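The values are calculated or read from the model by the stated rules, or taken from the named source; none is laboratory data. None of these values were measured; they are calculated from a predicted model. Please note: Cβ atoms are built from the backbone with ideal geometry, for glycine as well, and neighbour counts cover all protein chains shown. Surface areas here come from the heavy atoms of the whole protein model, side chains and all, with no ligands, DNA or RNA. Shrake-Rupley method; radii C 1.70, N 1.55, O 1.52, S 1.80 Å.
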Amino acid sequence: MSEKKPRVFSGVQPTGNLHLGNYLGAIRRFVELQNDHECIYCVVDMHAITVWQDPAELTRNIREVAAAFIAAGVDAEQHIIFNQSQVSGHAELAWVFNCVARIGWLNRMTQFKEKAGKNREKASVGLYDYPVLMAADILLYHAEKVPVGEDQKQHLELTRDIAQKFNNDYGPRIRELGLNKFDEGFFPLPEPVIAGPATRVMSLKDGTKKMSKSDPSDLSRINLSDDADAIAKKIRKAKTDPHPLPETVEELKERPEADNLVGIYAALAGISKQDVLNEFGGKGFAEFKPKLAELTVETLAPINAEMKRLLADPTHLDAILKNGAERARAIADPIWRDVKAIVGFIG
Ligand code: AQP
């Protein structure tokens with residue numbers, strides 16, 4: 001009898017400007033996990049509207065993220081690709097979790113503080129509640145592993161806290177109904193998968209800031225839609241310091257921009273940062289940057305071309321998402337029915 005593969009869930013927001021950080025921190029991990037896991041990859045459109053999205057652009061961006069998953073190598077037949085709003089269980093379970101999570105827990109979330117900034121009073125309630133919806137996304141499928149970038153670590157911890165509190169609060173009821181599905185109770189405590197040299201790719205303009213879709217400067221990031229010339233130009237213009245590359249990783253510590261470029265190279269080449277320094281230590285950026293540009297183009301050009309091909313046929317992409325949503329629902333519905341029984345809802 002074949003062993004049941006552990007289930008993986010992760011999502012990407014369709015907020016435009018998909019970049020190298022999203023690829024190295026998340027999407028490439030998605031592909032790596034496919035062989036020995038059952039994977040569910042979601043275009044989290046409900047998360048996207050926690051900040052204003054132009055509706056027509058949102059539709060385009062949902063397709064763009066789906067195309068990026070497929071172009072990067074996710075197998076939409078063996079695994080599941082869909083957009084969140086097609087499966088109502090995400091919002092339903094999020095409501096139950098809203099009643100499990102504590103306000104004090106959400107008040108500690110650094111991403112909300114960063115994104116809301118000084119305008120906290122004007123931020124949407126959805127932005128504040130974002131991590132609770134994320135917990136619902138993952139736990140609706142009883143997923144045990146979640147490949148994400150470093151920035152999502154705190155949200156994953158909150159997901160575990162919510163799962164644990166639900167398991168505790170409803171412990172007697174879960175046992176009474178015989179719904180202890182995991183050692184921990186009804187919900188598993190999902191583990192983040194955060195690994196490799198590029199779990200936090202930084203801005204090309206400021207090595208202390210995360211590469212981000214919403215950075216107003218396009219030169220700060222390499223978009224998955226950038227062509228070879230744009231990639232080469234952005235790497236050429238990337239901020240650096242005047243010193244040659246060091247011989248050891250230790251010496252990168254006080255040099256955030258150099259550290260970032262070395263990390264990107266290592267991740268793209270599938271080697272360690274020390275391996276990169278063994279090759280380039282003592283050499284200047286004038287020598288290193290063209291090699292980095294070459295490697296980046298080599299990796300992204302086929303993805304870019306495949307995304308363009310897929311995006312030229314939106315009907316086909318929509319059919320993939322619809323089919324994925326049906327298969328996602330088939331997993332989520334029984335879990336949501338159990339949640340309702342545990343909580344005491346009728347129907
Ligand atoms: N710079 C990054 N380095 C490594 N991983 C990253 N991720 C995002 N930025 C980096 C990872 O990509 C996945 C999808 O991210 P998301 O779209 O859901 O949300 P985000 O983290 O808010 O992405 P951005 O690009 O930073 O968008 P804005 O500018 O809107 O905040 C996640 O696994 C994330 O960790």
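Numbers for the structure displayed
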item	result
GluC sites (Glu not before Pro) restricted to segment 15-108 and DSSP loop, no more than 12 other C-beta within 10 Å	GLU77
Among GLU150, GLU114, GLU191, residue whose mean-square fluctuation peaks in a GNM of the chain (springs only between Cα atoms under 10 Å)	GLU114
Radius, Kirkwood style, for segment 221-347 when every pair of distinct Cα atoms is counted (Å)	18.2
Nearest-ten-degree value, helix 285-311 long axis tilted from longest Cα axis of the chain	40
Calculated Rg and Dmax of the chain using C-alpha coordinates, Å	21.1, 69
Spacing of the two label points (7 Å from each Cα toward its C-beta) at ARG60 and ASN17, in nm	1.5
Theoretical gain in end-to-end length, SER124 to LYS340 [0.36 nm per residue, Cα-Cα removed]	75.0 nm
Added length on full extension, which subtracts the Cα-Cα distance from 0.36 nm per residue, ASP75 to ASP318	85.9 nm
Residue-level accessible surface for ARG28, protein heavy atoms, 1.4 Å, Å²	50
Helix 256-269 vs. the chain, principal-axis angle (Cα, 0 to 90°, nearest 10)	80
Projected label distance in nm at ALA330 and GLU298, using a 7 Å step from Cα toward the beta-carbon	4.1
Segment 174-267 - percent relative contact order, Cα under 8 Å, separation 6 or more	27
Mean Cα-pair separation over length for the chain, i.e. relative contact order, pairs under 8 Å, 6 or more apart, %	23
Average accessible surface area per residue within segment 51-147, 1.4 Å rolling probe, Å²	47
Estimated dipole of segment 38-126 in Debye, rounded to 20 [Cβ of Lys and Arg +1, of Asp and Glu -1, Cα centre]	680
Cα centroid separation, segment 143-165 to segment 175-243 (Å)	15
Order of exposure, largest accessible area first, which applies to LEU24, LEU189 with probe 1.4 Å	LEU189, LEU24
Difference of contour (0.36 nm per residue) and Cα-Cα distance, TRP105 to GLU306	68.2 nm
Rounded Å value of the spacing that divides the Cα centres of segment 1-80 and segment 254-325	17
TRP52/ASP275 FRET efficiency (R0 41 Å; Cβ-Cβ; nearest 0.05)	0.40
Within the accessible area of segment 79-194 (1.4 Å probe), percent carbon and sulfur	47
Mean shadow area of segment 59-101 over all directions, Cα convex hull, nm²	4.2
Diffusion constant of segment 46-152 at 20 °C, which comes from Stokes-Einstein with the Kirkwood Cα-pair radius and 1.002 mPa s, µm²/s	138
Viscosity 1.567 mPa s, temperature 4 °C, Stokes-Einstein D of segment 195-272 from Kirkwood C-alpha radius, µm²/s	99
Rounded to 10°, Cα long-axis angle of helix 153-169 versus longest principal axis of the chain	10
SER272 accessible area, assembled protein chains, probe 1.4 Å, Å²	50
